[in-house]
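Where a number appears in this text, it was derived from the coordinates with a stated rule and is not lab data. Note that the structure is a prediction, hence the values are computed from the model and not measured. Positions of Cβ are generated from backbone atoms using ideal geometry, with glycine treated the same way; all protein chains shown enter the neighbour counts.
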Amino acid sequence: MSEIKEVAAPRRRINFGFDKYSGIYVWALLVLIFALWIPDLFLQTSTLKQVLTFQAISAIVALGLLLPVAAGAFDLTIAGTLTVSVCFTAWALTNGHGVVVAAGGSILIGIVIGLVNSLVVVKLKVDSFIGTLGMSSVLIAIAYMITDSSQIVLSTSGYAPFFEFARTEMFGLPRSVYYAALIALFFWWILEYTPGGRYLYAVGGNPVASRLAGVRVGRVTMIAFISSGVTSAFAGIVYLSTIGTATPDSGSGYLLPAFSAVFLGATQIRPGRVNVPGTLVAIFLLATGVTGLQLAGAPSYVTQLFNGAALIIAVALASRTARRQG
Amino acid sequence: MTSATLATSALSVRNATKIFGAQVALDNVSIEVAAGEVRALVGQNGCGKSTLIKILAGFHEPEPGIEVLVGGSELALGDPIASEAAGLRFVHQDLGLVGNLDTVDNMALGQGYITNATKTISWRKERSKAREALAALGYEINVNMPVAALQMSERTAVAIARAMSERGTPPKMLILDEPTANLPGPEAQRLYQLVRRVADSGVAVLFVSHHFDEVFEMAESVTVLRDGKLIDTRPVAGLSEDELIELVVGRKLEEHDKGQADNREHGEQVLQLSGVGGRNVSGMDLTIHKGEVVGVAGITGSGREEVAALVFGGHERSGEILVDGKALPQNRPDISIARGVALVPAERHANASLLDQTLRENITLVDPGRHVSLGILRRNPEKSDVRVWLDRLSVKPSGQTEYKMNQLSGGNQQKVILARWLRQEPSVLVLDEPTQGVDVGAKADIHTLVDEAAAQGAAVLVCSTDHEELVRVCDRVVIMRRGRAAEILRGEQITVDNITAATIGRDSAEPAA
């Protein structure tokens, strides 16, 4: 049996590994690099605003993903749910329905998708990766059906009140940024300060032990999927209000960045488990890097490069940290 | 012994010795088995029987001075390929089959397939080869089904058929480890006949066993080992069960052996099982009172492994469980817990621990809502609560609520799991192998905690393979045999030897009182 590890570090070693605040240091380093490289483009308040706005929707999707991942499940339907929500809201608005019906309907769709995911994963016992992968394909098809395989554009004049939802600025930042902040606060409270949060992490850590300790594993997983569905649906409403156009392709760029942010975030602030502050740091870090490079003239595919590399590096470092601790 | 006798022996072992560091696992053991003879190898845990088998299998290298002849030819030791080439064939307790492959594929494992001229597998020939092999053992099964779907005795037959197949040299001796351990009664009978067939074909059979049924029904002779030494080899005919027990345990068992006589106050009935059954257990009746500590003993396959989970009520079962007079639904651990039943499961890593979470999170898993006020879980009161429990159970290092579970030693981890449940003040505390992988100091601490729990009025059930532990803490010990509660030992009857003897004895005709 392993003996108790000495926690007080007797030897000073230069730690080249990822410690729990390294994300912040790396972010600061990136800011420094870009500030020196392209100072006139980078060091503008408009840059910060661009970063935040650009990331608000992404952040909402990533935060929604936290609950299923904490509970040990993959939810690959987040992008598809966002897309269906965008398309449905646009369709409803352009077909004479009010904002309440359009938005309410999208949230309802998010709940239904979450329920179907739980049915597949909990009752039918399909692996969550495979199950949600299949489901996401179904959702894209539904989006095509709703938009009749084309796009729906909301004219600025016709839907001004709806655009106010996300675009109105408060203290220089659009409301979408505040929505993301509120959602972050909400999930942070759930994960850190409620029994529900404990159950989520327990199910993710050891479902057998959790069950024997009285945790309703199936129910916890279901709630995780439903909240992810609702959050992604809400992200869709914010997306439409920000961008104004709905296509069956709207959500495709949000899947990988969300996973990158969540897994990179798991190495930060509260290392070893996915967490809200870590995810926010990761989102910021990735966004700063991408925005800086784009301002410096890099082609647009630099986003995918960054996010993909970040995901691989994050997971590799996470398992290295786990091995060092255990 | 004449050289003629030696030449006809299937196996002749002289002076087998094996030392592991300071421990003498085998001390100058010699055995001899004739061709076509069925020999049982018997002894308590740690007597050396598996060491002997592993030496024959080429897994261990014995000390010099040993001489092993298989069918008259000398065996090169420490080499599994040589053992197989010499004609020794092994079937271990887990059978070594691949569940999702069918019989044909399993029989080809390690041997290769019959191919035709174009190097493709000749499935027809393979299938008939498989069927013939099984028919020779008296079995007729669907050779195209995945073996996981076959019955246990059919799977054992497949494993034996594979062992018996010709591979270069014909098999001279079949060595089985606990062949009927996981078989219910009628299937065990089929296996006895199978072994008879193997022996009749001229192949000797040596089997390791804890079950006296196997010994008396299958074997012609029995070799008894104790503490690494050969005690005796006797013919089974004319041997009584008491004599065999005496050889295994080493002394005559008196009618009322001295043991612990705990005088605990027992209150009213708290837990009542009627006709409870699961996968390996059937028709179990049991009553436990407040303040009582009841033990459950039994060898592998006796059903002991399932009792704790059945009593907790978290799995599917037949029969009825009443806690304080109210029926417990099956498959609902959360309801069992709400009614005051607690389970400390065996194999804590798999079943109880959240290894990379803090001690605080591990201990509060059952009731995390205890320190919630105004919708927020208050960390500081929680930490104080947990610190009290870490102290009470002497978890070392002390007071470290934020340590990760995997930073503690096994004994301390087990105490943390115990803390999780004692914090709930259960009326029924079920412990499954409570000191598995636990150091001596922590073991004593845990036993004291069991005493304290009972003193405070809990009804305690301890399922364990550690007979000394049962003697230390129990007022009564239920002996499981072949899925039933076969016997109950009380008071002075509770001794290590009595428990051992009872768990390996034959099925008694009468159920437990």
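Quantify how strongly other chains surround peptide A:186-196 by giving the mean number of their Cβ atoms within 10 Å of each of its Cβ atoms.
Numbers: counts 0, 0, 0, 3, 0, 0, 3, 6, 6, 9, 3.
Per-residue shielding by partner chains comes out at 3.
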Using only the alpha-carbon atoms, how far is helix B:185-200 inclined from the longest principal axis of chain B? Give it as 0 to 90 degrees, nearest 10. 20 degrees
Where the only charges are on Cβ atoms (+1 Lys, Arg; -1 Asp, Glu), what is the dipole of segment B:115-196 about its Cα centre, to the nearest 20 debye? 420 debye
Extended-chain gain in nm, criterion 0.36 nm per residue less alpha-carbon gap, residue A:138 and residue A:45: 29.3 nm
Of B:235, B:157, B:436, which is farthest towards the positive pole of chain B's charge dipole, taken about the Cα centre with +1 and -1 on the beta-carbons of Lys, Arg and Asp, Glu respectively? B:157
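Compute the Cα gyration tensor for segment A:22-325, then decide on rounded, prolate or oblate, letting a ≥ b ≥ c be the square roots of its eigenvalues: rounded whenever a/c is under 1.5, prolate when a/b is larger than b/c in the other cases, and oblate in all that remain. If you can, show how the numbers build up before the last one.
Working: a/c = 1.78, a/b = 1.05, b/c = 1.69.
In terms of gyration-tensor shape, oblate.
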Residues of segment B:36-71 with amide nitrogen under 16 Å from the 7 Å Cα-to-Cβ point of residue B:15? B:62-69
Highest mean packing first, using Cβ neighbours within 10 angstrom, the peptides B:214-222, A:289-297 sort as B:214-222, A:289-297
With r defined as the distance between the Cβ atoms of residue A:33 and residue A:182 and R0 fixed at 41 Å, what FRET efficiency is calculated, to the nearest 0.05? 0.80
Starting from the Cα of residue B:404, draw a straight line to each of the aspartates and glutamates and keep only those under 14 Å, dropping any in the same chain fewer than 8 residues away. A:3, A:6, B:356, B:361
Just to confirm the filter: which GluC sites (Glu not before Pro) across segment B:149-203 are DSSP coil and have at most 13 other Cβ within 10 angstrom of their Cβ? B:166
List, in order, the whole-Hz ³J(HN,Hα) value for each residue of segment B:104-113 obtained from phi through the Karplus relation with A = 6.51, B = -1.76, C = 1.60 and θ = phi - 60°; use x for Gly and Pro. 4, 5, 5, 6, 7, 4, x, 10, x, 10
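For n ≥ 4 DSSP H runs only, could you compute -39500 (n - 2.57) per run for the protein assembly as shown, divide by its residues and tell me the 222 nm figure to the nearest 500?
On the way: 32 runs with 398 residues, N = 839.
That comes out to -15000 deg cm²/dmol.
Let me know the charge dipole size of the protein assembly as shown about its Cα centre in debye, to the nearest 20, where only the beta-carbon of Lys, Arg (+1) and Asp, Glu (-1) is charged. Before the final figure, lay out each step's value.
Numbers: 73 positive and 80 negative charges, 575 e Å.
Charge dipole, the protein assembly as shown, about its Cα centre: 2760 debye, nearest 20.
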Among B:460, B:473, B:485, which residue has its Cα furthest toward the positive end of the charge dipole of segment B:440-487, with +1 on Lys/Arg Cβ and -1 on Asp/Glu Cβ? B:485
Run the reach check for residue A:49 against lysines, Cα to Cα strictly under 19 Å, same-chain hits fewer than 8 apart removed. What comes back? none
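Report the equivalent ellipsoid semi-axes for segment B:116-179 in whole Å, largest first, defined as the square roots of five times the eigenvalues of the gyration tensor built from alpha carbon atoms. Please report the intermediate quantities before stating the final value.
Numbers: eigenvalues 95, 59, 19 Å².
Semi-axes from the Cα gyration tensor: 22, 17, 10 Å.
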Please sort through the DSSP H helices of chain A and keep those with an alpha-carbon extent of at least 20 Å along the long axis and a Kyte-Doolittle average not below 0.5. A:22-37, A:45-70, A:78-94, A:99-118, A:128-147, A:175-193, A:217-243, A:276-295, A:302-325
May I ask which residue of B:15, A:97, A:112 lies farthest towards the positive end of the charge dipole of the protein assembly as shown, with charges of +1 (Lys, Arg) and -1 (Asp, Glu) on Cβ and the Cα centre as origin? A:97
Partner lysines for residue A:123 [C-alpha distance under 16 Å; skip if fewer than 8 residues away on the same chain]: none
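Work out the mean other chain Cβ neighbour count within 10 Å for the residues of A:213-221 and drop it here as an integer. Walk me through the numbers before you get to the answer.
Numbers: counts 17, 14, 6, 3, 1, 0, 1, 0, 0.
Taking all residues of A:213-221 together, the mean is 5.
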If every Lys and Arg gets +1 and every Asp and Glu gets -1 at its Cβ, then about the Cα centre segment B:364-513 yields a dipole, in debye to the nearest 20, of 600 debye
Long pairs among B:383/B:443; A:125/B:290; B:129/B:172, criterion Cα-Cα beyond 30 Å: A:125/B:290
Degrees between helix B:123-136 axis and first principal axis of chain B (Cα, 0 to 90, nearest 10): 80 degrees
Across B:399-411, the residue-averaged tally of Cβ atoms belonging to other chains within 10 Å stands at 3
What distance in nm separates the simple spin-label points at residue A:127 and residue A:300, each placed 7 Å from Cα in the Cβ direction? 3.4 nm
